[in-house]
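Student: My structure is below; once you've seen it, I'll send some questions.
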Amino acid sequence: MSDKKNRFLHEVKIDWDEIEQKVREHKKQKLKQAAVIAACCIAVFAVVYIFFQVKTYSKYRVVNTIERSDTEAAKFIQFNGNILKYSNDGAFYTDIKNNLIWNQTFEMQEPLMAQCEEYVAFADKGGQKVYVLNTSGLKGTVETNMQIQNIQVANQGTIAVLMKSEGASYIALYNKEGDCLAEGALHMENSGYPMDMALSNDGQKLAVSILDVSQGSVQTTISFYNFGSVGQNEIDNIVNTCSYAGNVIPEIVFVNNNRMLAFGDSGIMIFEGSEKPEEKKTIKVSEEIKSVFYDNSYFGYVYSDKENDNKRKMMIYDMKGAQVTDAELGINYDEIYFLSNHEICVQNNSQCEIYTLHGIRKFVSKFDENLYYVLSRKGFRNYSLMLEGETQQIKCKIFSSAR
């Protein structure tokens, strides 16, 4: 009986190597499938990302509307994440919902405004008083005994003032309490004319652009002043002087403590230096410059197309002078400026275009109300429109045929 049962029992030999091989092949197959799925997901993500990056939005949804009351001559700037509105009769600092943070009244015929980080200053051109404010309100006033022509402010409230009296020009440096820190006359003989003035963020360095039209030729001289310990050893605190024959330089600006830009009619100069700024690079421009604009990271200019004077093109550079992008503008504009996210806004009172740093026209729209200013908000497609009488918080629509 036992022999009969044993006939149905067999010894089974297991090939462990074969099993391990099959397991490895199975895992490889699963990994290949996972890799294919991951590659497909990445490809889809890349296509969607590129689609959003190159798409031009023309429609939007109004997320929120806030009513405002403005004077006709009101101007707007973004100031430390909020809105600063100013006109001939005062300045108002509000959050994006139009809640008042502070207001400052004054009466000015031609308001001058200067801003640096958390400080802002106002003065009437031809007047003799400067208002110094920061994000919490008025911090002081400066009284001068000569007519004010230009003002600049530093990040701790130091004020530089360009003044004139009886045909002569003077510069003075004040703290926010109104105490004079330094002053002196500009030595221009009889042929010089001050074009612009720039103050470093820390208030230690000052630059003045002076146009000389003597002897039938044009020349601009930029003088650099240092009011720190280095400048004390120099005559009139002047630590460097650069002259440019045949070049008019109407605008200069410090973008931080150690870098200054000079915008001329034939080129743009980049100066660098912690104590004695020197020219590091010149970008030659053969076309007529129509506008310049900048923030702390980039600068650009608009010029006319040589073949069609009605066309406008812009060029964008980083602060080392490397070209970032160029683009042809689609509208006639009144203002061009960088938004806080480094996009470029081109606008007039009824139209707006927004470009990316890659030169892509991201947004374009026309408006029934007067457009004053545009701000970027958190989110790739979110903006605030400062329209006449109201602020609209908008989100660009991806797919829509109607606003």
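Student: Where in the stretch 211-306 are there strands (runs of 3 or more DSSP E), lying wholly inside it, with at least 1 residues that are among the acidic types (Asp, Glu) and surrounded by fewer than 18 Cβ atoms within 10 Å (Cβ to Cβ)?
Tutor: Counting at least 1 such residues, we get 251-254, 267-272, 278-284.
Student: Condition (residue is more than 26 Å from Leu387 (Cα to Cα) and modelled with pLDDT of 95 or more) applied to the stretch 327-348: is it met by at least one residue?
Tutor: Yes; the residues of the stretch 327-348 include at least one that is more than 26 Å from Leu387 (Cα to Cα) and modelled with pLDDT of 95 or more.
Student: Within the stretch 199-236, which residues are within 16 Å of Asn257 (Cα to Cα) and out of contact with any Ser or Thr (no Cβ under 8 Å at 6 or more places or on another chain)?
Tutor: Residues satisfying the conditions are Ser200, Asn201, Asp202, Gln204, Lys205, Tyr225, Asn226, Phe227, Gly228, Ser229, Val230, Gly231.
Student: Residue under question is Asn150, and the condition is that it be in a strand (DSSP E or B) and surrounded by fewer than 23 Cβ atoms within 10 Å (Cβ to Cβ); does it hold? First the steps, then the outcome.
Tutor: Numbers: in a strand (DSSP E or B): yes; surrounded by fewer than 23 Cβ atoms within 10 Å (Cβ to Cβ): yes.
So Asn150 fits the description; yes.
Student: Right, here's the next one. Whether any residue in the stretch 365-381 is surrounded by fewer than 17 Cβ atoms within 10 Å (Cβ to Cβ) and in a strand (DSSP E or B) is what I want to check.
Tutor: Yes, the stretch 365-381 contains at least one residue that is surrounded by fewer than 17 Cβ atoms within 10 Å (Cβ to Cβ) and in a strand (DSSP E or B).
Okay, residues lined up against (1) acidic (Asp, Glu); (2) under 21 Å from Leu385 (Cα atoms); (3) modelled with pLDDT of 95 or more; (4) in a loop (DSSP other than H, G, I, E, B):
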{"site": "Val63", "(1), (2), (3), (4)": "no, yes, yes, no"}
{"site": "Asp70", "(1), (2), (3), (4)": "yes, yes, no, yes"}
{"site": "Tyr93", "(1), (2), (3), (4)": "no, yes, yes, no"}
{"site": "Gln104", "(1), (2), (3), (4)": "no, no, yes, no"}
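Student: Working only within the stretch 62-96, note down all residues that are among the basic types (Lys, Arg) and over 22 Å from Asp124 (Cα atoms).
Tutor: Matches in the stretch 62-96: Arg68 only.
Student: If you go through the stretch 174-195 one residue at a time, do you hit one that is closer than 21 Å to Gly273 by Cα, part of a strand (DSSP E or B) and modelled with pLDDT of 95 or more? Steps first, answer last, please.
Tutor: Applying the first criterion (closer than 21 Å to Gly273 by Cα) to the stretch 174-195 yields none.
The answer is no; no qualifying residue exists.
Student: So which of Ile394, Ile354 is part of a strand (DSSP E or B), touching an Asp or Glu at 6+ places or on another chain (Cβ under 8 Å), among the β-branched types (Val, Ile, Thr) and under 15 Å from Tyr57 (Cα atoms)?
Tutor: That would be Ile354, the only listed residue that is part of a strand (DSSP E or B), touching an Asp or Glu at 6+ places or on another chain (Cβ under 8 Å), among the β-branched types (Val, Ile, Thr) and under 15 Å from Tyr57 (Cα atoms).
Student: Using beta carbons and a limit of 7 Å, which pairs, at least six apart or on different chains, have the first residue in the stretch 389-403 and at pLDDT below 90 and the second one crowded, with 17+ Cβ neighbours inside 10 Å?
Tutor: So the pair list comes out as Arg403/Tyr60.
Student: Let me ask something additional. Out of Thr144, Thr105, Thr94, Thr135, I need the residue that is of a type in the set (S, T, N, Q), surrounded by fewer than 16 Cβ atoms within 10 Å (Cβ to Cβ) and in contact (Cβ under 8 Å) with a residue 12 or more places away in the chain. Which one?
Tutor: That would be Thr105, the only listed residue that is of a type in the set (S, T, N, Q), surrounded by fewer than 16 Cβ atoms within 10 Å (Cβ to Cβ) and in contact (Cβ under 8 Å) with a residue 12 or more places away in the chain.
The values are calculated or read from the model by the stated rules, or taken from the named source; none is laboratory data. For clarity, every value in this text was computed on a predicted model and none was experimentally measured. Backbone-built Cβ (ideal geometry, glycine too); neighbour counts: all protein chains shown.
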